[in-house]
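One structure is given below, represented as structure tokens, and several questions about it will come after.
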Amino acid sequence: MNIIICGAGKVGFSISKQLSAQGHSITVIDQSSEDIKRINDHQDAKGIVGRATLPSVMENAGGKDTDMIIAVTRNDETNMIICQIASSLFNISKKIARIRSKEFLDGKWSKLYNSSNIPIDVIISPEIEVAKSLFRRLEAPGALDNVPFANDKVKMLEIAVKKNCPIINTPLKKLTEKFPDFKANILGAVRKDKFIFLKKNDKMIEGDNVYVVVSSDQLNQILKAFGHEEKIANKIIIIGGGNIGLNLAKLLEQNFEGIRIKIIEKDKSRAEEIATELSSSIVVNGDALDEEILKEANIDEAETVLALTNDDENNIMACVLAEKSGKSKRTIAIVNKSNYSLLQNSLNIDDLVDPRMTTVSRIMEHVHKGTIGSVYSLLDGQYEFIEAKILEKSELLNVKVKDSNLPEDTRVGAVVRKDVVIIPRSDFVFEKDDLVIFIAKREHLKDVESIFSVSSI
């Protein structure tokens, strides 16, 4: 598939890297010669320096032969114009745009985005997606991540294995014997920054980040088995009243009755603005690095603190101060620089969230059509959790798991059949319309698509 990516920033770079590794023909356009040089030097992609809103530049990028355009520049209006040009002049069939402005995202203007007006097929709002991701983490307090599949019937949990984990150093086959009724599948773990598939004789060890696919109705039981019995936080402090903080507060107010939320926002006018948009949350105007402001927000009583400003260093410092302020609490920080992850353990921060990867995962969902549903990228796209449907033409139809020709670095986690979640064993037989949740290595995604009879875009 021929794909043009407009914008070579962090998101554009990551998308280009993943798609080119999957065998797609990628062209990246950006005005920054430095960013384009990085593309040309480090990826199997073609980088072009120029303004993507100029028809001549898009023509030079191969617009006439392009199947999809992904507009992820830093400017909403630019992304809109790119999609308009892609449709009007080059008849590009699928157009994805990153849109940040709340004004453009307001539901009352939804008629703006159609083939007759601004032809955008998919709108991605990073701030909304990150807020949803943070909400899912708070929804499952014992998990580092909580990703829904199959209309939320299945969850993919990332769980840290700690010293006090009851099932640490236990072979997986014994867990099956111990918990025969659990609808869960431990697929693998990130160990020393590398993903490994866990087999029935393997054990989980301290320091592993384990990936578990579980029926949603057994989420709490699985977390308990891992030694996590944390309750959903009732007292939450959000540092930073930007779009992420505001959207998260709204989600919490809508879904958790009686929750107490306080938002610390440095800018006075912004603090006043968000206070009018929230029903029960309290907004404190001040600097979260000021101990007096933290006291005013009752930091010592907080159960969870989320630092969500645009400043990585301030987010990290705010979490450090929160941790030292009294009783034990969960701390989560937004960080855009990946090297800060090296400081996580030493600073005792529970979770560092890279908003870039959340946006990338959402965009990757829309690179495929047909039976491919949700997509979750792991380790910068080296592996992907995918949801796909069994069609009549699929090679898996009426085939047992053990007899399937799925690539070696692919593992089936769960199957949803007529709304029932099944953890398939080796003799399980795939049927038409089964929803399959699995993990696959990036290099094998084309083969997997072929097996499922999935076509791109």
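Ratio to report: Rg/Rh of segment 218-261, with Cα atoms as the point set and Rh obtained by the Kirkwood method; give two decimals.
Using Cα coordinates only, the ratio equals 1.10.
Now for a separate question. Anything over 27 Å Cα to Cα? Flag those among LYS111/LYS389; LYS132/LYS262; LYS111/LYS132; LYS183/LYS418; LYS94/LYS192, in the order listed.
LYS111/LYS389; LYS94/LYS192
Which order results if LEU445, LEU223 are arranged by neighbouring Cβ count within 10 Å, fewest first?
Arranged by neighbour count, lowest to highest, LEU445, LEU223 become LEU223, LEU445.
Now for a different question. Once label points are set 7 Å from the Cα along Cα→Cβ at both SER33 and LYS194, what is their separation, rounded to one decimal in nm?
Once both label points are built, they end up 4.1 nm from each other.
What order do you get for ILE120, ILE92, ILE5, ILE81 when you list them from fewest to most C-beta neighbours inside 10 Å?
Neighbour counts put them in this order, fewest first: ILE81, ILE120, ILE92, ILE5.
Take every DSSP beta bridge with both residues inside the chain and express the antiparallel ones as a percent of the total, to the nearest 5.
Counting DSSP beta bridges with both partners in the chain, the antiparallel share is about 55 percent.
Sticking with this one: Compute the distance from the alpha-carbon center of segment 85-163 to that of segment 398-457, in whole Å.
The two parts, judged by their Cα centres, are 25 Å apart.
Only one of the values [x] 16, 38, 28, 14, 4, 1, 0; [y] 22, 51, 26, 1; [z] 23, 54, 22, 0 was calculated from this structure for P(r) over Cα pairs in 20 Å bins from 0, in percent; name its label.
Here the calculated entry is [z].
Next question. Run the numbers on the chain and let me know its relative contact order in percent, using alpha-carbon pairs under 8 Å that are six or more apart.
It comes to 11 percent, rounded to a whole number.
For the ranges 232-243, 106-117, 195-206, what's the packing order if you count other beta-carbon atoms within 10 Å of each residue, average per peptide, and put the highest first?
In decreasing order of mean packing, 232-243, 106-117, 195-206 become 232-243, 195-206, 106-117.
Taking the Cα centre of each part, how many Å lie between segment 25-72 and segment 187-234?
Result: 40 Å between the Cα centres.
Find which of PRO119, SER16, THR27 sits farthest along the positive direction of the dipole of segment 2-124, computed with +1 on the beta-carbon of Lys and Arg, -1 on that of Asp and Glu, about the Cα centre.
Most positive-ward Cα: PRO119.
How many percent of Cα pairs in segment 235-345 exceed 23 Å?
22
Taking 60 Å as R0, compute the FRET efficiency from the Cβ-Cβ separation of ARG51 and LEU289 and round it to 0.05.
Taking R0 as 60 Å, the efficiency between ARG51 and LEU289 is 0.95.
Moving on to the next point. Between ASN398 and SER93, what FRET efficiency follows from the Cβ-Cβ distance if R0 is 35 Å, with the result rounded to 0.05?
About 0.60, to the nearest 0.05.
How large is the charge dipole for the chain, taken about the Cα centre, if only the Cβ atoms of Lys, Arg (+1) and Asp, Glu (-1) carry charge, to the nearest 20 debye?
Approximately 1040 debye in magnitude.
Over the Cα atoms of segment 130-225, Rg to Rh with Kirkwood Rh, two decimal places?
Taking Rh as the inverse mean 1/r over Cα pairs, Rg/Rh reads 0.95.
All of the numbers you see were taken from the coordinates with simple rules; none came from a lab. All of these numbers come straight from a predicted model, not from anything done at the bench. Cβ coordinates were reconstructed from backbone atoms using ideal geometry, including for glycine residues, and neighbour counts include every protein chain displayed.
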